[in-house]
Structure formats: structure tokens, C-alpha cells
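Colleague: Pasting a structure below so you can have a look.
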Amino acid sequence: MLAALLKYRLLMMLGAVRGGGKIGKTLLFIFVFAMLAFALSSFAYGLLKFAELDPERGPRILENLVALSFHGMFLLLLFWGLSQAVFTIFFSDDLAILLSLPIPRRDIFIYKVLEATFLNARVSFLFLTPVLVVLGLHHGSSPGYYCIAALVTFLMATIPGALGIIIASLISNHVPRARLKGVITVVGSFIGIGMWAAMRQFSGQFSSGSADFGSEAMKTANIASWPIFSYLPSGWAYKATLGAASGDLPVALLYFLILVVLSVALTFVAFVSTARYYAGGIAEEVAAPSRVAIGGFAPGGSPLMAHVKRDMILFARESGVMTQSLVMMAFFLLYPFVGTSGHSDEISGLVISPVATLFAAFFGGQVGSRMLTLERLAFWRNLINPNGRQLTLASKLIVGLLFTTILALGAAMIHYVAKKPGDIDSVFLTILFSWIGFGVGLAICAFWGNFKWDHPKRMLKGGGGFIYAFSIMVVGLGGYGLTYLAYRYLSSLINPIMIVAVLSLGILSISYMVSALKLTNMEWTPDV
Amino acid sequence: MTMLLAQNLSKSYGKLQAVDDVSLQVAAGEIVGFLGPNGAGKTTTLKMLIGLLRPDKGRVNIGGFDLNDEPVRARRRIGYVPDVPNLYEKLTPLEFFHFTADVFRLDKETAQKRIADLIELFDLGEHGKKLISSLSHGTKQKVSLAAAVLHRPEVLLLDEPTGGLDPRATRKIKDIMLELSRSGCAILFSTHILEIAENMCNRLYIINKGKIVADGPVDRLKETTKEGSTLEELFIELTGGSEYDEVVKYLSGR
């Protein structure tokens with residue numbers, strides 16, 4: 001039965017790749033995949049050459065890079081792997097039909113765990129494969145190494161998933177099912193950030209200050225030698241892989257077995273803990289979820305204010321948005337720890353670092369990309385309300401910018417206070433970069449959002465994906481570059497913040513215009 | 001007086017011609033049924049009439065205003081109830097009514113009176129302050145209908161309004177439609193329930209494969225078939241359906 005389920009999943013995946021028979025989508029997928037493979041191969045080749053050309057530092061950097069990749073991937077999985085697993089196990093679309101079929105619950109669970117693990121592991125494979133291949137080539141490893149490396153990567157990916165399921169089962173008694181995923185996302189974020197902060201706190205003597213390498217990049221790679229990583233699954237995965245690559249089989253087997261035992265044990269606990277949930281069925285909750293009271297929504301206002309009030313209520317009650325905001329706030333707790341080491345950024349000399357800039361832009365982008373799909377399946381009403389399309393965008397801009405500004409201000413103030421003394425310019429720049437991100441997010445959502453009212457699940461998603469992330473990166477870092485130039489060359493002529501303000505308002509205006517254009521021409525998008 | 005006039009509407013999705021040269025009209029106070037099998041083009045036509053879809057060809061006029069040239073004026077006159085009540089799940093019915101009242105620029109006193117009346121009419125009193133996401137399908141449908149008539153539309157378009165409703169709610173919706181038509185509202189609604197169409201409608205349009213295959217008063221349409229035919233037999237004859245005989249035979253083991 002498990003084989004049948006896996007075959008069915010494979011067919012679904014192939015269907016997604018084939019794009020419902022649309023040749024354009026298939027070609028695009030192949031193109032993107034080829035570009036990614038090319039980029040990763042080039043990176044791996046460069047790394048291999050570097051390791052060969054510099055026998056003193058090369059191998060050490062390579063090993064540190066492998067370790068860092070494992071650790072980075074593990075932390076990343078803690079951020080979103082937890083919620084991915086919870087969604088797959090508890091909320092996936094096919095769960096209702098699977099549980100109604102004569103299939104043993106154990107098979108459904110194993111299938112779902114495999115599915116969640118695969119979804120988690122695919123990213124790990126994508127980013128770990130080049131460095132693992134290079135490590136193998138560098139050591140001249142046997143084919144057995146590659147098998148062990150693949151298994152280790154897979155096992156490491158099962159652990160955050162199993163943890164997510166266990167945590168979800170434990171708190172499912174206290175948290176409404178509809179909010180389970182959001183809570184898990186927040187929990188995962190705080191675990192990841194807590195681990196990072198703890199590592200920063202307790203690994204000082206091993207941090208960049210003690211590195212024997214000269215450059216920032218070398219210091220960063222040396223983070224891998226922090227002792228705390230030895231106690232993480234990613235540390236065991238690294239040791240197993242390195243042992244297999246260098247021919248140290250006892251070490252490889254020891255850590256491989258530790259990973260197997262931990263993975264199987266956690267998966268078993270997850271299986272037991274979900275028994276009650278599956279046995280209880282997956283009926284939707286009937287009880288009304290709690291409401292956030294918004295005062296003053298009585299009739300008699302203008303249509304614009306009606307839209308603003310509606311969006312504020314939806315925003316306040318949208319668990320996804322609130323979850324996201326909490327995650328972003330968790331990120332902003334990291335603000336004082338990242339990128340800067342004193343009064344100004346050590347790379348550019350600016351009062352704000354590129355990392356903080358990207359944080360702010362990504363945060364604004366997340367809010368912007370959520371605004372249009374906030375109304376979910378009721379969004380079509382904007383298309384038929386008198387003046388609906390114009391007012392819709394205006395209210396999104398008002399509510400979104402208000403929310404972005406408040407949270408960016410909060411984060412920037414934490415940064416400002418933590419720096420003792422900070423530079424007030426960094427507060428303004430954080431807000432302006434969050435506006436830039438908001439503008440990009442809004443426009444991308446308008447153009448790439450899934451406005452498919454006939455497909456409720458798809459409508460829930462904001463748009464963009466890769467395009468969104470890439471655009472925010474480009475615009476955020478581009479804006480940072482412009483800020484650098486403004487501070488360096490124009491500060492005697494004009495306050496550099498004015499230049500960033502003009503840039504952010506320009507991007508907001510362009511975003512508003514292109515979004516309005518899209519909305520004006522938007523119509524129902526049935527799937528035929 | 002013609003309140004809804006659609007001329008030569010066509011809409012295609014790629015190679016699929018969903019609606020092909022459809023023309024229809026509804027006068028003030030008239031209730032017109034829009035019948036057709038699944039996938040015949042009913043919903044696509046209704047969405048073009050409300051402005052959710054842009055026709056490839058043809059025009060729509062609402063109460064004297066062209067939907068394409070004067071969309072705001074035209075939309076002020078329409079109420080629309082979709083087949084699936086996709087509402088703002090995180091609003092309460094009361095908040096949703098307030099929002100709708102403001103969008104249609106009703107003054108405060110009028111809005112509050114009408115909202116109170118509609119809540120009573122649709123038995124929504126106990127649900128007024130619950131989130132819409134927690135309501136049953138039938139209650140959501142009632143909320144959707146109440147919001148559609150809140151501004152007293154001159155043209156009401158309903159896409160299978162009785163779907164998922166219990167007999168009591170169905171009866172209520174029928175009564176409300178009759179009441180609205182008596183006050184001069186032009187009503188066009190699609191339905192699969194032929195009994196409702198036969199009892200309530202002044203006229204019918206039957207659509208199949210994107211084309212109008214019959215239109216006129218129910219009695220006159222029945223006259224076109226053999227004597228004593230029911231509306232169901234007429235519908236099957238016009239839209240096909242004999243292919244289902246094989247399915248029935250298979251299921252009954254014959």
C-alpha cells in the first residue's frame with residue numbers, strides 16, 4: 001500500500017513539472033533547473049580548483065565550508081522545515097481522502113513523513129550536493145562515500161520534521177488547528193534564533209576574533225569550528241561525511257549510526273504522538289475562532305475608509321500575517337547581532353549594514369506581498385464594487401505602510417538602543433528600506449499573485465517565490481549601494497537620507513502604478 | 001423597461017468557446033431563469049454581466065449604463081450572488097454589511113435600518129457577531145444574498161442561489177426574489193432546480209455548449225415539444241442527456 005501511495009505522489013510531482021501539459025511551463029522549469037545546475041557546478045568547480053591550488057588553506061576552508069553548509073541547512077530546516085512537516089502531516093489536501101480509504105494508518109503516516117522529509121531534504125540536496133561532491137573529489141573517495149553522504153543528508157532532514165510533528169502534537173490540545181502551523185513557524189524561528197544567539201554568546205573565544213585567516217570570508221567559514229556545533233545533528237552529519245570522504249570508517253559509522261538512531265527514535269515518537277490526531281479524524285473546527293475587536297466599524301463612513309477599516313480588521317485577524325510578523329520580529333531580535341560591530345558597518349562604514357538592509361527590505365516585501373491576497377477568496381468583490389479597484393489599492397497602501405513602518409521602527413529602535421550609542425540615521429534608513437521592500441512586494445504580488453478564485457488553496461498564497469526573493473535582493477542591495485555612494489560622495493551637498501527617501505518614494509509610486517494597471521485589467525481567472 | 005440588456009456576448013478560453021453570441025434581456029419586475037447543464041456557460045455569462053469577466057465580443061447595459069463605458073454607475077445598480085459564497089472569512093456578517101453599506105454610499109440611518117431588517121429577515125441574529133469562517137454554507141449563502149440586496153439593486157443576478165440551502169431557507173429566498181420583483185427589480189438567476197424555474201420565472205433562457213438554444217415563457221417553450229411534456233423533458237431534449245441512460249443501466253447492473 002505504501003508503494004501505491006508513493007507512486008501516486010510521484011505522479012503528482014510529475015504532473016506539477018509537466019505543468020498540466022503546457023510546454024512553456026515545462027521549458028521554463030528545465031531552463032531554471034539547468035541554470036541552477038550550471039551555477040552550482042561552476043561554484044563547485046571553482047571551490048575544487050581553489051582547494052587544489054592552495055594546499056595549505058584550501059582543504060581547511062573546504063572542510064569548514066562543508067560543515068557550515070550542514071549547520072546552515074539544519075538551522076534553515078528548523079526555521080521552515082518544522083512548519084513544512086506539520087502542514088504535510090496534518091493539513092495536506094489529500095489527507096481527508098487518504099483517511100477515508102482502507103489504508104493502514106501506519107502506511108499513511110510513513111508516506112506523509114517521507115513526503116515531508118523529501119520536501120525538506122530537496123533543498124538540502126540542492127545546496128549540499130556541490131560541496132559534498134567537491135569534498136569527495138578532493139579526497140578521491142570511493143562511491144560508498146557518495147551513498148553515505150546522500151543518506152546522511154536525508155537523515156538530517158528528517159529530524160526537524162519529526163520535531164515539528166512532536167511539538168505540533170503536544171500543543172494541538174491548546175492551540176486551534178487552524179493556528180497550529182503558524183505557531184509552529186514562530187516556535188521554529190525562535191528555536192533557530194535562540195540557538196544562533198546562544199552560539200554567539202557561548203562561542204566567543206572561537207569566533208572570528210580567534211581565526212587565523214585574514215579576510216572576513218575566512219573568519220565566517222571558521223564559524224564551523226564553534227564547539228557547540230559538535231552537539232547538533234548537523235555536526236554529526238558533517239563528521240560522518242568527512243569520515244567517509246577521508247576513509248576514516250569507524251568515525252563515519254559511529255556518527256552515521258547516531259543519526260540513524262536519533263532519526264528513527266524521533267520519527268517513532270512522532271508516529272505515536274500523531275495517533276490520536278489521525279484517529280480523531282480531521283474534521284474542521286466548528287467553534288468560532290477568536291476575534292480581534294476593531295472599534296468603530298459602523299456604517300456611515302466613506303468608501304475609502306470602509307476599505308481601510310476592512311483591511312485593518314483582516315490584517316489583524318489574519319493568522320498568517322500575524323505569524324509572519326512574529327517571525328520577522330524574531331528576526332529583528334537578531335538585529336543587534338548581525339552585520340555590525342560597533343558604531344558603523346565594518347564593510348562599508350555606513351550606519352546600517354547590508355544584512356540589516358536586506359532584513360528591512362524583506363520584511364517590507366513580506367507585508368507588501370501579502371496585502372493583495374489578504375482578502376483571499378473574497379478578493380473578487382473588489383472587481384465589482386463601485387470604485388473598488390482604485391480604493392482597494394489605496395487602502396492596501398495605507399494599511400500596509402502603516403504596519404510596515406510601525407514594525408520597522410520597533411526593530412530599528414532595538415538596533416539603535418543596542419548599539420549604545422547608535423546612529424539615528426540607521427532608524428530612518430531601516431524604515432525607508434522597508435518601504436522599498438513593501439513597494440517591490442506589492443507589485444510582485446499584483447503581477448504574480450495567484451488570483452485563481454476557483455482554487456481556494458492557491459489563492460491563499462502570495463505571489464512571486466523566486467522572482468520575489470531575487471527582486472528584493474537586487475533592489476535592497478542596489479539601494480544599499482546607492483546609499484553608500486550618497487554617504488561617500490554626496491553628503492556634503494545633500495543629506496543622504498533624502499536620496500534614499502526619494503528612491504523609496506519613487507519605488508512606491510512605480511509599484512502603485514503598475515499594481516493599479518494590473519488591477520484595472522484584472523478579471524476572473526477560471527481554470528479551464 | 002429593460003433593465004438588463006446583453007448583446008452578442010462571446011467568451012473563449014484558448015480553443016474552448018465558453019459563450020458564443022449570447023443575447024438576453026430582463027425587464028424591470030421580471031424574473032428570468034437561466035438554465036443549462038454543467039459547463040454550458042451559465043456562470044461565465046453571469047460573470048460577464050457583472051463585469052468579473054471581460055467579453056471577447058458584445059456589450060452589457062445595466063439600467064441604461066454601459067458596463068464597459070460607465071462601470072461605476074452600472075455597478076451601483078447591480079446586486080450579485082455567486083454560486084459559491086466567497087466572503088471575507090475574517091469579518092463578521094455585521095462588519096461585512098457595514099462595509100457593503102459604505103461601499104454603496106448608504107447614509108448611516110438607512111444602512112442601520114436595512115441591516116437590522118435583513119438580519120431579522122434572514123434569521124442572522126445569532127450569527128451577526130461571529131466570524132464568517134465559522135458559519136455553515138447555508139448561512140454564508142444567506143449573508144451573501146443579504147449583502148447583495150442591501151443597497152436595493154435594480155438588477156439582481158444570482159448564480160444558483162439555492163445551492164446548499166435547506167428547504168426553509170430556499171423558500172425564504174424564493175419569497176425575497178418575488179418581493180424584489182414586485183418592487184421593480186429585474187432578476188436573472190441560474191438554477192438546476194427546474195421546479196423553481198417553472199414556478200417562479202416569467203421567462204427562461206436555456207443555454208447549451210455556450211449558445212442559447214431556447215428562450216421564452218415556460219408555457220410557450222413546453223408547447224414546442226410533444227403534448228404533456230414536462231420542463232425536465234424539454235430540458236433533456238434541448239441539452240442532451242440520453243447518454244446518461246447507459247450509466248443508469250450500468251449502476252443498476254442491467
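Colleague: When Cβ neighbours within 10 Å are restricted to other protein chains, what is their mean count per residue of peptide B:89-98?
Modeller: Whole-number average of other-chain Cβ neighbours for B:89-98 is 6.
Colleague: With angles folded into 0 to 90 degrees, how steeply does helix B:137-149 sit against the dominant principal axis of chain B? Use alpha carbons for both and round to 10.
Modeller: Helix B:137-149 sits roughly 70 degrees off the main axis of chain B.
Colleague: Need one value for B:74-86: mean number of C-beta atoms belonging to other chains within 10 Å of its residues' C-beta atoms.
Modeller: 3
Colleague: Return the calculated 222 nm mean residue ellipticity for chain B, to the nearest 500 deg cm²/dmol, obtained by summing -39500 (n - 2.57) across DSSP H runs with n ≥ 4 and dividing by the residue count.
Modeller: Computed ellipticity for chain B at 222 nm equals -11500 deg cm²/dmol.
Colleague: Could you run the Karplus curve 6.51 cos²θ - 1.76 cosθ + 1.60 with θ = phi - 60° over the stretch A:102-113 and give me ³J(HN,Hα) per residue in whole Hz, x for Gly and Pro?
Modeller: Once θ is set to phi - 60°, the couplings for the stretch A:102-113 become x, 10, x, 4, 4, 5, 4, 5, 4, 4, 5, 5 Hz.
Colleague: Using mean Cβ contacts within 10 Å as the protection proxy, how do A:115-127, B:127-139, A:50-62 order, highest first?
Modeller: Ranked by mean Cβ neighbours within 10 Å, highest first: A:115-127, B:127-139, A:50-62.
Colleague: What average count of beta carbons from other chains do you get within 10 Å of the Cβ of residues in B:46-55?
Modeller: Average neighbour count from other chains, rounded to a whole number: 4.
Colleague: Here is a follow-up. Using the structure shown, list the pairs from A:Lys309/B:Lys113; A:Lys112/B:Lys15; B:Lys172/B:Lys211; B:Lys42/B:Lys108; A:Lys309/B:Lys129; B:Lys90/B:Lys209 with a Cα-Cα distance above 28 Å, or answer none.
Modeller: Flagged as over cut-off: A:Lys112/B:Lys15; B:Lys172/B:Lys211; B:Lys42/B:Lys108; B:Lys90/B:Lys209.
Colleague: I'd like the orientation of helix B:93-103 relative to chain B: the angle between its Cα long axis and the longest Cα principal axis, in ° from 0 to 90, rounded to 10.
Modeller: 90
Colleague: Take A:Met498, B:Met3 and order them by how many other Cβ atoms sit within 10 Å, fewest up front.
Modeller: A:Met498, B:Met3
Colleague: Ranked by Cβ crowding within 10 angstrom, fewest neighbours first, how are A:Leu5, A:Leu393 ordered?
Modeller: A:Leu5, A:Leu393
Colleague: Which whole-Hz ³J(HN,Hα) couplings does the stretch B:208-220 yield from phi under the Karplus relation 6.51 cos²θ - 1.76 cosθ + 1.60, θ = phi - 60°, glycine and proline marked x?
Modeller: 9, 6, x, 10, 6, 9, 7, 7, x, x, 4, 4, 5
Colleague: Here's a follow-up. Sort largest first and round to whole Å: the equivalent ellipsoid semi-axes of chain B, each the square root of five times a Cα gyration tensor eigenvalue.
Modeller: 31, 23, 18
Colleague: Could you work out how far helix B:108-121 tilts from the main Cα principal axis of chain B, as a 0 to 90 degree angle to the nearest 10?
Modeller: 50
Colleague: Given +1 on the Cβ of Lys and Arg, -1 on the Cβ of Asp and Glu, and no further charges, what dipole in debye does the stretch B:88-152 carry about its Cα centre, rounded to the nearest 20?
Modeller: 120
Every number in this text was worked out from the coordinates using simple rules, so none of it is lab data. What you see is a predicted model; the values in this text were computed from it and never measured. Using ideal geometry, Cβ is built from the backbone for each residue, glycine included, and neighbour counts are taken over all protein chains shown.
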